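Here the structure is laid out as structure tokens; the discussion comes afterwards.
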Amino acid sequence: MSMTAKLQKYNFIKKVNWGRTFVAGVPAFWLGLFFFVPFLVVFKISLSEATIAIPPYIDLLDVDMEEAYISLKINLGNYLFLFEDDFYLDAYLSSVKIAVVSTFFTLLVAFPIAYAIAKADGSKRVLLLALVILPFWTSFLLRVYAWMEFLKKNGLVNEFLLTVGIIDEPLIMLQTDFAVYIGIVYTYLPFMVLPLYSALEKMDGTLIEAAQDLGCKPMQSFFLVTLPLAMPGVIAGCVLVFIPAVGEFVIPALLGGADTLMIGRVLWDEFFLNRDWPMASAVAIVMLVVLVLPIMLIRNSQGKGEAV
Amino acid sequence: MQTKSRFLTITASLGYLFLYAPIFSLIIYSFNKSKLVTVWGGWSLKWYSELFENDQIIDAALLSLKIAFISASLAVVLGTMAGFVLSRFGPFKGKMIFSGWVTAPLVMPEVITGLSLLLLFVAMEGLFGWPSGRGTSTIIIAHTTFCLAYVAVIVQSRLSSMDETLEEAAMDLGAKPGSLFFLVTLPLIMPAIISGWLLSFTLSLDDLVIASFVSGPGNSTLPMVIFSKVRLGVTPEVNALATLMILVVALGVIGAIYQMRRQATMTVKLDEK
């Protein structure tokens, strides 16, 4: 066989390689059916009207073959209501605020931990790393529950502060925004520590020595040398914490008060308490457009591998 | 330098205290005799025996384990395929789209994933009569979908950090794509597949939000039962349950570290030879 014939045969095989198509096609089909098509359904239902029935909405498209009658009824009322009622706007803003503040505090708590791990050596490093990852493998719900018990009116924190004499009567910490911040910092701490650690670990220790030899004070060398070098880890960690925090439901539901407004909780309540599926769908679509799409764009511009 | 490292030790220790104080308080109070969770009434295993007599919790735990096992296994198969495509198929048309397609579930808020899957299942039931009602199978589909993205990322990163020469050697020796994958690539990426399976298993076992949307009546998973109990108030047997779960996980992690270190020392010995 001549070389060209060989190449042609190779190209032909490459074109219709059923094995490749199968390997790529199966997961793509699964995700298409169970992850992307559902958004079209959500969009469709967000344009329908709620009613008391099973399922609790009126279909957009009404086809009657016998009467040769097709009607399409699009209801923009849900979206209009979303934009008119300040409640939803407040919920979005409040979610973003809570997520930003708690991401910042996660960074504050995580940095010394990550730095200490990066500076430790050998088996001590493995142990310190394992201690950060271990809680992550236990149930998230039970970790949030642990804080409910810890922060409540007659919980251990209050008992301790009362015994020591710092306070005279128990502090109300549970069911406040404060408890929500603690819950988010606690839950997502490993997501911040790990990227920080991998950035700090690569850092060359002699750079700090050099800076100090040249007269940098510890604080200065931290802000001028360490922090800029750790920046990729800081950004990756902040993205990893912010994303789940902004759509969080469980933490505000268990640790937050009635007035802790977060959009994930609003969606949940529209669906489970009000049974208003079209409204819940409209909230989901707006959330997708104003929260998730920007996050995806940021993530893509940041480069794929390191964000996860 | 000295003051700085003392500052670091203190702040890092406070960080670890923050991580473990609530967990230890939970463990200690799970052995408390008194029903009032914070009043110490002496040591007792009372809540553990009540836990094992609570059929609602036991049934929910068994259901959750079953769902987690099946979803993790399905997610590993699909996720390995996706991860393999991402790192071994070279550049192909639509690779960017495929990559975004596979990792999108990672950034989706759970409430949106849950709601959209439920609405899909309801619409499908109306059109094709399947799935009739919601329950175990719809939860498995939902969990497989978000877990497969995690597996794909883990497998992809393992494959791209791996030396391709072994696979090339096998190809040169005439291995067909199928046997190449099962005899060479698969054993090499086994650690990534195992950690992907474990991660999927944990994520599935832990999921409250998505399961609440897509489950039907009479199909409460363990997180759903815990959530409703915790919302209602004092629940000392949940402390006992949490302690048991922490114990299992701690043993697992210690075992994994031990295994990893043994492998590391073995490689060092091999290198020395």
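The values are calculated or read from the model by the stated rules, or taken from the named source; none is laboratory data. Model, not experiment: these values are computed from the prediction. With ideal geometry, Cβ positions are generated from the backbone for all residues, glycine too; neighbour counts draw on all protein chains shown.
Okay, here's what the table says:
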{"read-out": "Only listed residue being surrounded by 21 or more Cβ atoms within 10 Å (Cβ to Cβ), on the phi < 0 side of the Ramachandran plot and aromatic (F, W, Y), chosen from B:F121, B:F89", "value": "B:F121"}
{"read-out": "Test result for B:S160, surrounded by 14 or more Cβ atoms within 10 Å (Cβ to Cβ) and within 9 Å of chain A (Cβ to nearest Cβ)", "value": "no"}
{"read-out": "Failed condition for A:L93, given (1) buried (at least 16 other Cβ atoms within 10 Å of the Cβ); (2) in a helix (DSSP H, G or I)", "value": "(1)"}
{"read-out": "In region A:203-253, the residues that are among the acidic types (D, E) and either under 16 Å from the mean Cα position of the chain (by Cα) or within 17 Å of A:Y115 (Cβ to Cβ) (or both)", "value": "A:D204, A:E209, A:E248"}
{"read-out": "Near pairs, Cβ below 6 angstrom, 6+ apart or cross-chain, from region B:47-72 (under 12 Å from B:L222 (Cα atoms)) to any residue that is outside any helix (DSSP H, G or I) and of a type in the set (G, A, S)", "value": "B:A60/B:S220"}
{"read-out": "Answer from B:I210, B:I193, B:I246, B:I226 - the residue that is outside the structural domain of B:F84 (by TED's automatic domain parsing), surrounded by 19 or more Cβ atoms within 10 Å (Cβ to Cβ), among the β-branched types (V, I, T) and touching a helix residue (DSSP H, G or I) at 6+ places or on another chain (Cβ under 9 Å)", "value": "B:I246"}
{"read-out": "Checking A:A116 against (1) facing another protein chain (nearest Cβ under 8 Å); (2) closer than 30 Å to B:L208 by Cβ; (3) at pLDDT 90 or above, the condition it does not meet", "value": "(2)"}
{"read-out": "Residue within region A:166-187 that is of a type in the set (D, E, K, R) and within 8 Å of chain B (Cβ to nearest Cβ) present", "value": "no"}
{"read-out": "Condition met for B:S71 (at pLDDT below 85, among the polar types (S, T, N, Q) and either touching a helix residue (DSSP H, G or I) at 6+ places or on another chain (Cβ under 7 Å) or surrounded by fewer than 19 Cβ atoms within 10 Å (Cβ to Cβ) (or both))", "value": "no"}
{"read-out": "Of the criteria (1) more than 9 Å from chain A (Cβ to nearest Cβ); (2) touching a residue at least 40 places away in the same chain (Cβ under 8 Å), which one B:F128 fails", "value": "(2)"}
{"read-out": "Count of residues meeting criterion [basic (K, R) and surrounded by 24 or more Cβ atoms within 10 Å (Cβ to Cβ)] in region A:273-287", "value": "0"}
{"read-out": "Whichever residue in region A:135-156 is of a type in the set (A, V, I, L, M) and at pLDDT 85 or above and, among such residues, is surrounded by the most Cβ atoms within 10 Å (Cβ to Cβ)", "value": "A:A146"}
{"read-out": "Qualifying residue in region A:261-272 (condition: surrounded by fewer than 18 Cβ atoms within 10 Å (Cβ to Cβ), part of a helix (DSSP H, G or I), within 11 Å of chain B (Cβ to nearest Cβ) and among the aromatic types (F, W, Y))", "value": "yes"}
{"read-out": "Residue within region A:28-50 that is at the interface with chain B (Cβ under 9 Å from one of its Cβ atoms), touching a Lys or Arg at 6+ places or on another chain (Cβ under 9 Å) and part of a loop (DSSP other than H, G, I, E, B) present", "value": "no"}
{"read-out": "Given (1) without any contact (Cβ under 8 Å) to a residue 40 or more places away in the chain; (2) buried (at least 18 other Cβ atoms within 10 Å of the Cβ); (3) more than 27 Å from B:A142 (Cβ to Cβ), number of the condition B:L183 does not satisfy", "value": "(2)"}
{"read-out": "When residues of region B:96-130 are limited to those that are among the polar types (S, T, N, Q) and over 21 Å from the mean Cα position of the chain (by Cα), the one farthest from A:A282 (Cα to Cα)", "value": "B:S99"}
{"read-out": "Matching residues, region A:119-133, being part of a helix (DSSP H, G or I) and more than 19 Å from B:S204 (Cβ to Cβ)", "value": "A:K119, A:G122, A:S123, A:K124, A:R125, A:V126, A:L127, A:L128, A:L129, A:A130, A:L131, A:V132"}
{"read-out": "Residue list for region B:48-60, filter: surrounded by fewer than 20 Cβ atoms within 10 Å (Cβ to Cβ) and either within 14 Å of chain A (Cβ to nearest Cβ) or within 24 Å of the chain's Cα centre (by Cα) (or both)", "value": "B:Q56, B:I58, B:D59, B:A60"}
{"read-out": "Test set (1) without any contact (Cβ under 8 Å) to a residue 40 or more places away in the chain; (2) more than 16 Å from the chain's Cα centre (by Cα) - A:N300 fails condition number", "value": "(2)"}
{"read-out": "Index of the failed condition, B:H143 passing every other in (1) crowded, with 20+ Cβ neighbours inside 10 Å; (2) under 24 Å from A:T21 (Cα atoms); (3) more than 9 Å from chain A (Cβ to nearest Cβ); (4) not hydrophobic (A, V, I, L, M, F, W, C)", "value": "(2)"}
{"read-out": "Within region B:35-138, helices (runs of 4 or more DSSP H) holding 1 or more residues that are touching a Ser or Thr at 6+ places or on another chain (Cβ under 8 Å), farther than 30 Å from B:F24 by Cα and not hydroxyl-bearing (S, T, Y)", "value": "B:55-88, B:95-107, B:110-128"}
{"read-out": "Yes/no for A:R265 being modelled with pLDDT of 90 or more and touching a Pro at 6+ places or on another chain (Cβ under 8 Å)", "value": "yes"}
